[in-house]
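The values are calculated or read from the model by the stated rules, or taken from the named source; none is laboratory data. Everything numeric here is computed off the predicted structure, so don't read it as measured data. Cβ placement follows ideal geometry from the backbone for every residue including glycine, while neighbour counts extend to all protein chains displayed.
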Amino acid sequence: MSEVSSILLAFMREAWLALAGAFLAFVLLACLAQVLRVSSASVLGANLWVWESVSALLSIVLIGLFAFIGIPQIVRALQSSLPNAGGCGPISELGTLASSLIGGLAALRMLRAAFTSVLSASIGGSSTFAKALIECAEAMFGMILMSAAIPLAAWFLGTC
Amino acid sequence: MFDPILQQILEIARDAWAFMAGLLIIVALLGGLYFVLQGTAGAAFGASRTTSMAIIGVVGLVIIVLFAFLFLPQVGDMLRKFQPAAPF
């Protein structure tokens, strides 16, 4: 069970690194696109467009900071709250596997949501950051739910 | 496993960065030319407000281009330093 867990976690770690690198590249491209929009709008004299682009630029930087600083802290905090050894025997191993996999999946899901919101912000979309935050909340809720479900399952199955 | 995919994405992103940086230079040059034309026309007709607005426009355009080429790479370096390892 631990070998399966380590293989799956290594796979997810590689996915995290790739997603974070692509996220960084797209943040910079989105910033440059917004600066291009600011320059063309200022030449045309479109004040509203300029301020929209400036606010989009700031929001992209904020999303980047949230993804790189906020998401790892949220995941670490939630993962420490997950009981990784509910009961003993197979249920304990299963609990350890489940808690580590849930943490990895939730982290990847949050980063993917931030990635989508950056892509959307780069083309002027407005509503997807709210969807990304909802996805983060869903992942957190799932982790909290699992923190209750693993001991309950151990108790229900009557192990230890 | 994901590294070749990331390398391809980064290559495309580098191309896109070069394209957009070139486009920004062209837009800034055209905008600067437009403001110069506006300023000279204003100066010729005695429209001091038009001329001063054109000068302000040129200065603003230069500031925007400098922001793009000096500030954005610094933001990228800062975010790269913040790039976290997998938290699980």
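Screening the candidates B:A85, B:A44 for the property of being surrounded by fewer than 12 Cβ atoms within 10 Å (Cβ to Cβ), over 23 Å from the mean Cα position of the chain (by Cα) and within 9 Å of chain A (Cβ to nearest Cβ) yields one hit, B:A85. A:F23 meets the stated requirement of being modelled with pLDDT of 90 or more, part of a helix (DSSP H, G or I) and more than 7 Å from chain B (Cβ to nearest Cβ). For the residues B:G32, B:G76, the requirement of being modelled with pLDDT under 90, within 19 Å of the chain's Cα centre (by Cα) and surrounded by 14 or more Cβ atoms within 10 Å (Cβ to Cβ) singles out B:G76.
Exactly one residue out of A:F11, A:F115, A:F66 is within 9 Å of another protein chain (Cβ to nearest Cβ), part of a helix (DSSP H, G or I) and of a type in the set (F, W, Y): that is A:F11.
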